[in-house]
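The values are calculated or read from the model by the stated rules, or taken from the named source; none is laboratory data. Quantities reported herein were computed from a predicted structural model and do not represent experimental measurements. Neighbour counts are summed over all protein chains in view; Cβ atoms, including those assigned to glycine, are modelled from backbone coordinates with ideal geometry.
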């Protein structure tokens, strides 16, 4: 069975509660339910993980690479703009990876417009809410091999 790791960074455990005008009113559990429904019957396993701790995210990326995971969807959240260590982990994993942001980081504060992690990813989806995760999942399941 093909497995996709879905890794979410700091404060995403507060989805639906924190700044719903930016991030929406749905929770991380709602996102998991949506994505599990999207792959139902397709022979795909999803491994969901969220942490507010950079090292835990790095450990999970390494574990995904060691398990032979087919790809990673990552929302590094605030670490997007600060973490060379996450970039190194993603680059070192050598897996197809899509960076996803619920909000459009290019319409927000200037410091959010720079992603340190994007260069280690196949692509970036920003500003499409939960649909961005669905698009990333479809890319990893259908198009990643053709594009690489």
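Filtered by the rule that a residue be under 20 Å from residue 104 (Cα atoms) and free of Cβ contacts under 8 Å to residues at least 40 places away in the same chain, segment 49-81 gives a lone residue, 81.
In this structure, is residue 46 touching a residue at least 40 places away in the same chain (Cβ under 8 Å), surrounded by 20 or more Cβ atoms within 10 Å (Cβ to Cβ), closer than 21 Å to residue 13 by Cβ and touching a helix residue (DSSP H, G or I) at 6+ places or on another chain (Cβ under 8 Å)?
Criteria not met by residue 46.
The single residue among 41, 16 that is more than 23 Å from residue 138 (Cα to Cα), without any contact (Cβ under 8 Å) to a residue 24 or more places away in the chain and part of a loop (DSSP other than H, G, I, E, B) turns out to be 16. The one condition from (1) in a loop (DSSP other than H, G, I, E, B); (2) at pLDDT 95 or above; (3) surrounded by fewer than 16 Cβ atoms within 10 Å (Cβ to Cβ) that residue 52 does not meet is (3). Against the conditions (1) under 26 Å from residue 103 (Cα atoms); (2) touching a helix residue (DSSP H, G or I) at 6+ places or on another chain (Cβ under 8 Å); (3) surrounded by fewer than 18 Cβ atoms within 10 Å (Cβ to Cβ), residue 71 satisfies every one except (3). Given the structure, is residue 87 more than 19 Å from residue 48 (Cα to Cα), crowded, with 16+ Cβ neighbours inside 10 Å and modelled with pLDDT of 95 or more? Criteria met by residue 87. Being buried (at least 20 other Cβ atoms within 10 Å of the Cβ), farther than 23 Å from residue 1 by Cα and either out of contact with any strand residue (DSSP E or B) (no Cβ under 7 Å at 6 or more places or on another chain) or without any contact (Cβ under 8 Å) to a residue 40 or more places away in the chain (or both) is a condition met by at least one residue of segment 128-144. Picking from 32, 26, which residue would you name as being without any contact (Cβ under 8 Å) to a residue 60 or more places away in the chain, buried (at least 16 other Cβ atoms within 10 Å of the Cβ), out of contact with any helix residue (DSSP H, G or I) (no Cβ under 6 Å at 6 or more places or on another chain) and over 24 Å from residue 115 (Cα atoms)? Only one candidate qualifies: 32.
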